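This report refers to the structure that appears directly beneath it.
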Amino acid sequence: MKAGSRQTVGIKDVAKAAGVSPATVSRALGRGPVSAELRERVQTVARAIGYRPNLSARRLRSQEARTIGLIVADVRNPFFTAVSRAVEDIAYAQGMRLVLCNTDENPEREAFYIRAMQEERVTGLILAPSRATLKAMETGFSIDVPTVLIDRATPACGHDAVMTDNLNAAAALAEHVAAQGFSKIAGLFGASSTTGAEREAGFRSALAERGLPATSRFVAPNAAAAEAAFKTLWTEHRPDAVVVSNSLLALGVLRAVDDLGLTIPADIGLAAFDDEPWTRLVRPALTVIAQPIDEIGKAAMRLLSDRIDRGASQDSQTVLLPGRLIARGSTSGRPTA
């Protein structure tokens, strides 16, 4: 072979020699999410076979190779705000950029952003899907970039997922309220996601085991809807406690309680999901299920990195993380005569 005619060694050659995918080589030779051991192995192989990076091509690919899409249901919901921050912190530490989109629980808006992420060829996607999108996934709708679902998933959706163990967490919350002496317990649950349905099921299961009646309503996941729903519950059923499935619903109930001139917990006990800073500051402080926000973000990024590395060859995984019950004054029991 004449001088100057030597064939250029490319990423595909490194991938073949190292026994990994070209995408994994790109991340290992850049700042992508791979283990230190894998990065060292790929770099050693690259040096051994004489690979030299094409810097101009790398610049052209850098946006694609280092971008994670994050689509959440409602960025005003403190849970999604906190999860977004956790994911962004991890992505930044791994040299990735994050594109955040908010759907407002609107399936059409969600579909628009999913298409946009695919068209932009993001490296991976983390998604909190609506019920409509989950149903579409169950019947064959596919996303052509590595995807991890957070907060909402079903066994048949076909994607990796990270969620709080909603069923058991809601059961623990309802069980705690009942154990404090409340016996006519109502529940308000978000209507737009599988999360609300799972929490309602856990709530009903726990009360049924105690032989207690359970009155529940599904409402839009915002404070205004919860405020109106609680006023109706109070008029029609006079519950002595209420369990709600997120902090926005808890705010709505607190507004209604104030409007109706009720006292917590003497007139009505209150317990909710999400340990927001304000839940410790109201008086009495609010009994909550604290969700493992940082663990959700870390697990989602770990599953996404694995999916990017291994492609479609591995079966989907679901990670269920336990919630933590924090008992406070809002469920301390009604005074006895």
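Once the Cα atoms of helix 194-209 and of the chain are each reduced to a long axis, what angle between those two axes, in degrees from 0 to 90 to the nearest 10, is obtained?
Computed tilt is about 40 degrees.
With the chain treated as a Gaussian network of Cα nodes joined by springs under 10 Å, which of E236, E88, E276 yields the largest mean-square fluctuation?
E236
Which of these, S193, S142, S247, has the largest mean-square fluctuation under a Gaussian network model of the chain (Cα springs below 10 Å)?
Looking only at S193, S142, S247, the biggest GNM fluctuation is shown by S142.
Which percent, to the nearest 5, of DSSP beta bridges fully inside the chain are antiparallel?
10
In what sequence do D315, D144 fall when counting other Cβ within 10 Å, fewest first?
Going from sparsest to densest Cβ surroundings: D315, D144.
Please give every one of the aspartates and glutamates within straight-line cross-link reach of K298, meaning a C-alpha to C-alpha distance under 15 Å, and leave out same-chain neighbours fewer than 8 residues apart.
Candidates past the 8-residue exclusion: E88, D89, D151, D160, D306.
Return the distance in nm (one decimal) between the two label points of a simple spin-label model at R76 and H237, each offset 7 Å from Cα along Cα→Cβ.
Output for this residue pair reads 2.6 nm.
Quick one: helix 107-119 against the long Cα principal axis of the chain, what's the angle to the nearest 10°, folded into 0 to 90?
On a 0 to 90 degree scale, this one is about 20.
Report, ordered by chain and residue number, the lysines lying within cross-link reach of K231, taken as a straight Cα distance under 27 Å and ignoring same-chain residues fewer than 8 apart.
Leaving aside lysines fewer than 8 places away in the same chain, those within reach of K231 are K184.
List the residues whose amide H sits under 5 Å from the amide H of V162, counting only those 5 or more places along or on another chain, with H placed 1.01 Å from N in the peptide plane.
L149, I150, D151, V319
Could you state the principal axis extents of the C-alpha atoms in the stretch 178-220, from the largest down, to the nearest angstrom?
31, 15, 15
With n ≥ 4 as the cut-off for DSSP H runs, can you work out [θ] at 222 nm for the chain, using -39500 (n - 2.57) per run divided by the number of residues, rounded to the nearest 500?
Estimated from H runs of four or more residues: -14500 deg cm²/dmol.
Where does helix 223-237 land angle-wise versus the long Cα axis of the chain, in degrees 0 to 90, nearest 10?
In the chain, helix 223-237 runs at an angle near 30 degrees to the longest axis.
List, largest first, the extents of the alpha carbons of the chain along their principal axes, each in whole Å.
101, 35, 32
Cross-link candidates for K135: which lysines have Cα within less than 23 Å, leaving aside residues fewer than 8 places away along the same chain?
none
With a point put 7 Å past each Cα toward its Cβ, work out how far A132 is from V99 in nm, to one decimal.
Placing both labels 7 Å beyond Cα along the Cβ direction yields 2.1 nm.
Give me the distance in nm between label points sitting 7 Å out from Cα along the Cα-to-Cβ direction at L38 and K184, one decimal.
Distance between label points: 5.8 nm.
With 17 Å as the cut-off, how large is the P(r) tail for the stretch 153-231, expressed as percent of Cα-Cα pairs?
50
Each value in this text was obtained by applying a stated rule to the coordinates, not by laboratory testing. What you see is a predicted model, and the numbers here were worked out from it, not measured in a lab. Here the Cβ is made from the backbone with ideal geometry for all residues, glycine too, and neighbour counts use every protein chain on show.
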